[in-house]
Amino acid sequence: MTAELEILDLRHRFGELVALDGVSFGVGAGEIVGLVGRNGAGKTTTMRAVMGIVHPDRGAVKWSGHPIGDDDRLGFGYMPEERGLYPQMRLLDQVAYFARLHGFDAAAANGAARTWLERLGLGERMSDKLVALSHGNQQRVQLAVALVHGPELLVLDEPFAGLDPEAVDSLSHVLFERAQAGAAVLFSSHQLELVERICRRVVIAESGRVLADGTLAELRRRLPAQLRVKVDAPPAWARPLKGVRIESAGEDGVLLVVDPGTDPQVILRAAQAAGPVEHFGFETAGLVDLYREMVSR
Amino acid sequence: MNRTGITRLVARREITERLQGRLIRIMTLVTVLVVVGAITVPGLIKGSSTPTRVGLVGTEAQALASTVERTAIAAKARMTLSNVPTETAAREQVTSGQLDAALSVGPSTARVDVKHSLDPTIRAVLQASVDSAHLRQSLAQSGIPVDKVLPALTPVPLQAVALKPPPPDQTARAVAAIAAALLMYVSLALYGTAVANGVAQEKTSRTAEVLLAAVRPSQLLSGKVLGIGLTGLGQLAIAAGAGVIANALVHSTRIPGSVWVLLPAFLACFLAGFTLYAFAYAAAGALVSRQEEVQFVTLPMGLFLLVGYLLVYAVIAHPDATWVKMVSFLPPLMATLLPARIALGHVAPWEIPLDVVIMGLSIWGMIRIASRVYANALIYSGARLGWKQALRLTDQKPQVTESSRSAAA
């Protein structure tokens, strides 16, 4: 897929601190990409660079093949990590105001604001001030502000933080829908299970660099396979095998780490020779495992 | 949307938010009440000083009527005279308030009955009238022809010639100078602080980052200054309009024509002063890390404005002093001193273009510095910044501190 959003070799320092050290990845139209990494990995600075809030020392951010300009950014939706809206402004006025800043006329802005507030379950509270809302509902308004102008690119920094399960489902649904409509979606999160559920592609960042970038299947291929075998025999049967390491052993059998190129049939035959085989199957590594493995390397 | 369209939109939001708030309504009402009160109360007090009603008791006193009237006119005292038949009737009328004073004259005595006290001017008028009548009567009784003696007794009028006469409306000009400086001081401090608070609120509530994703810092800054400036101007216009209407109704003060002619100059001074200070206040507002710090960071601007206002009294006392002219060229003080000096009529024609150039350059410089400080400091999430520190933060590069490490994440 040709990336609509291209982040090319971004480098940025805050004084002595290296925030970005050659970050490169892309997000295609209709694609949802999860950006994961520990605090200080450079996720927020990358997103701020995309939105033009931070100007990187080096590198470029492109949209549809050209450097991003002000007009492009009017078509982007942004939710920063540190939420912020006008506390004393009424919801409808607030969301409509941001739609107008993104180029909508007054009537269209009002219509879009109503639609999104109703959609996000705030239809009854349009004339309330933001400050009167709970934290979760304020988060929904923030999301409405990011979505109201029908952005072609959504950049969401920790959008799921602090949401209840119902709101998480609602937001996930909105992201899927926007992607289906052709929008490129980039979001960061520490909730890896959520990222695994929502994203087709994941970018793992660490210390201002990209450790891994690809679909979950692609990332899994970069790690040694894990094979669980339950044999009615002590785990010593696996020790002589070449390219195989015993990761753990217990009631569920032994978990073997298998080097690429090792023939599983050889392992199966060794297991059968040791005793009756009750279970023989590869374990699918989750994003949590992949992340831990990659970050610990 | 083009750049000016976004600036207009930001300005409109500022105006709407302020008009929806209770504070501005209360403040506008208070300002109108203060202005109307300041105009009508003296007017009403002045209006209540009706002519003093003096009763002339008996034929002896009534014979003095024409003398009293002439003396009163000479003394510029407003009096109405009426005849009262008896002293008893006169006392009743004074006690009941129908008369302010009742004059009774005997062969060698004179008495004035009043309820509480006698106005010194009225006393002088009545005394002079009684003395004059007594003199005429004494001369007539002594057989001396009054017509021959009177010219000798008439005082020679002493004419005072001012070598450097003050302008006819000097008092009104001094009042206008103080009023202009006070208005400038209060409004610039008030609306400047409103700008700083607005910026600090957007920064501390993190709204700035969402806004900056769609709007340039310069658009946000100019929209905010424009919106709050127009709100302030509107508020001042309402107060001024109420003042003019109140003055027309009670005829408190005859507003000198020169003041009306100078109004455009005052307006230009306000706009220039507001622009200079508003950008400084906006940059200061962006430096804070908490809303409570606004008062501290705006202190220097408040001090400049206060000094500028206080110096106006020195300007009134020494309008032509060289140091007064020099000080009024300093841009932060010009905002309050220039309107006052214009009101006093002590600004030489050659000073005007120089003032315009100095102020223009100052505004240009302030906008450049303030815009940079504002853009740099607005999304900085660390502790409160200083001006120099914020200027060095090019492209949002905060100093390396523990807080900035988390900001970089």
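Helix B:65-74 and the longest principal axis of the C-alpha atoms of chain B enclose an angle of approximately 30°.
With a 10 Å cut-off around each Cβ of A:64-71, the average count of Cβ atoms from other chains is 1.
Checking the Cα-Cα distances for A:LYS62/B:LYS388; B:LYS224/B:LYS388; B:LYS224/B:LYS325; A:LYS129/B:LYS224; B:LYS76/B:LYS115; A:LYS62/B:LYS224 against a 25 Å cut-off, the pairs over it are A:LYS62/B:LYS388; B:LYS224/B:LYS325; A:LYS62/B:LYS224.
A Förster radius of 56 Å, combined with the Cβ-Cβ distance separating B:LEU23 from A:VAL168, puts the computed FRET efficiency at roughly 0.90.
Over all pairs of different C-alpha atoms, the stretch B:52-153 has a mean inverse distance whose reciprocal, the Kirkwood radius, equals 14.1 Å. Cross-link partners of A:LYS230 among aspartates and glutamates, defined as those whose alpha carbon lies under 12 angstrom from its own and excluding same-chain residues fewer than eight positions apart: A:GLU251, A:ASP252, A:GLU278. For the residues B:GLY97, B:GLY55, B:GLY227, a GNM of chain B with alpha-carbon springs under 10 Å puts the largest fluctuation on B:GLY97.
Ordered by the count of other Cβ atoms within 10 Å of each Cβ, fewest first, B:ILE369, A:ILE198 give B:ILE369, A:ILE198. Distance from the Cα centroid of the stretch A:140-190 to that of the stretch A:222-293 is 40 Å (rounded to whole angstrom).
Here the label points at A:SER24 and A:ARG245, each 7 Å from Cα along the C-beta direction, are separated by 3.0 nm in the simple model. Applying both filters, DSSP loop and at most 15 other Cβ atoms within 10 Å, to the trypsin sites (Lys or Arg not before Pro) of the stretch B:70-159 gives B:LYS76, B:ARG78, B:LYS115.
Take the Cα of B:PHE329, go 7 Å toward its beta carbon, and the backbone nitrogen atoms of the stretch B:346-373 under 19 Å from that spot belong to B:346-365.
Highest GNM mean-square fluctuation among A:ALA217, A:ALA205, A:ALA60, for chain A modelled with Cα contacts below 10 Å: A:ALA217.
Remark: spin-label model distance B:THR50-B:VAL356 equals 5.4 nm, labels positioned 7 Å along the Cα→Cβ axis.
The listed peptides B:312-322, A:178-188, ordered by packing as a protection proxy, come out as A:178-188, B:312-322 (highest mean of other Cβ atoms within 10 Å first).
A Cα-only calculation for chain B places Rg and Dmax at 32.7, 116 Å.
So if R0 is 41 Å, what FRET efficiency would B:GLN137 and B:VAL41 give, r being the distance between their Cβ atoms, rounded to the nearest 0.05? Here the calculated transfer efficiency is 0.30. Peptide A:75-86 has a mean shielding of 5, counted as Cβ atoms of other protein chains within 10 Å of each residue's Cβ. Round to the nearest 0.05 the FRET efficiency obtained for B:GLN98 and B:LYS388 when R0 = 60 Å and r is the Cβ-Cβ distance. Calculated transfer efficiency: 0.20. Averaged over its residues, how many other protein chain Cβ atoms are within 10 Å of peptide A:44-55's Cβ atoms? Rounded to a whole number, the mean comes out at 4. So which residue, out of B:ILE363, B:ILE352, B:ILE178, gets the largest mean-square fluctuation from a GNM of chain B using Cα contacts under 10 Å as springs? Maximum fluctuation in the GNM of chain B, among the listed residues, is at B:ILE352. Report summary: the helix-based calculation at 222 nm, which adds -39500 (n - 2.57) for every DSSP H run with n ≥ 4 and divides by the residues of chain B, gives -23500 deg cm²/dmol.
Summarising the label geometry, the points placed 7 Å from Cα in the beta-carbon direction at A:PHE282 and B:VAL149 lie 14.3 nm from one another. The 3J(HN,Hα) values that the Karplus relation (6.51, -1.76, 1.60; θ = phi - 60°) gives for the stretch B:239-250 are, in residue order, 5, 5, x, 4, x, 5, 5, 4, 5, 5, 6, 9 Hz. Gly and Pro appear as x.
Read the figures in this text as sums done on the coordinates, not as results from a lab. None of the values given here were measured: they were computed from a predicted structure. Methodologically, a virtual Cβ is constructed for each residue, glycine included, from the backbone with ideal geometry; neighbour enumeration extends over all protein chains shown.
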